[in-house]
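In what follows, a single structure is set out as structure tokens and then discussed.
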Amino acid sequence: MYLFNVRVYGLLLNDLNEILVSDEKTMNVSFTKFPGGGLEYGEGLIDALKREFMEECQLDIEVLRHVYTTDFYEKSSFNESQILSVYYQVKAKGAITFDIKVSPFDFSNEKQADKLEVFRFLPVETLEDKSLTFKTDKQAWNTFKTLLENESRKD
């Protein structure tokens, strides 16, 4: 039997042209990625993304556009499943009220848990794909950055 793990992520820009990233630690593995997570059975991609942002950030979002879908094989870092990730550009419908960190993996105020997660905003112009852990996030970031550059040339 082949197992597929469908993931959905949001690329959220703030008014300062910074993008939201999530620093996480689970099963003693630390990684930086975009906010989002796994699709639950019976759920659509958009509903899953909205649920993930509400669960992780207590933030209601609007999905603006599709950015990237995995187009290569990627095995999960945590089990034997194949990862299929879908990325959307999103925007906050309200004020951002969750805790924003400055330093990577600043879990100093977090309670010990199976999964630790904190958020940072990084300037779009300085975020490099090597700052992201997973190949799919790197590819999605490069695709999104190209979209943003093409749009700024049109202005």
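Ordered by packing density, taken as the mean number of other Cβ atoms within 10 Å over each peptide's residues, highest first, how do 94-101, 144-151 rank?
Ranked by mean Cβ neighbours within 10 Å, highest first: 144-151, 94-101.
Any chance you could list the semi-axes, whole Å, largest first, of the equivalent ellipsoid that the Cα gyration tensor gives for the stretch 9-85, using √(5λ)?
Taking √(5λ) for each eigenvalue gives 21, 16, 14 Å, largest first.
In whole percent, how big is the carbon plus sulfur part of the accessible area of the stretch 30-127, probe 1.4 Å, protein atoms only? Don't skip to the end; give the middle numbers.
Details: 2700 of 5400 Å².
On the stretch 30-127, the fraction of accessible area on carbon and sulfur atoms equals 50 percent.
Using amide H atoms built 1.01 Å from N in the peptide plane, name the residues 5+ places from residue 64, or on other chains, whose amide H lies under 5 Å from its own.
For residue 64, whose amide H was placed from the backbone, the distant partners under 5 Å are 89, 90, 91.
Send over the semi-axes of the chain's equivalent ellipsoid, whole angstrom and largest first, taken as the square roots of 5 times the C-alpha gyration tensor eigenvalues.
22, 20, 16
So, in Å, what gap is there between the alpha-carbon centers of the stretch 73-91 and the stretch 113-155?
Here the answer is 15 Å between Cα centres.
Can you pull the three principal axis extents for the Cα set of the stretch 78-145, in Å, largest first?
Result, largest extent first: 33, 32, 25 Å.
Give the accessible surface of the stretch 35-155 per residue, rounded to a whole number of Å², with probe radius 1.4 Å and ligands, DNA and RNA excluded.
59 Å²
The values are calculated or read from the model by the stated rules, or taken from the named source; none is laboratory data. These numbers come from a predicted model, not from an experiment. For neighbour counting, all protein chains shown are included, and Cβ atoms are generated from backbone atoms with ideal geometry for every residue, glycine included. In case anyone asks, the SASA skips ligands and DNA or RNA and just uses the protein heavy atoms, side chains included. Shrake-Rupley method; radii C 1.70, N 1.55, O 1.52, S 1.80 Å.
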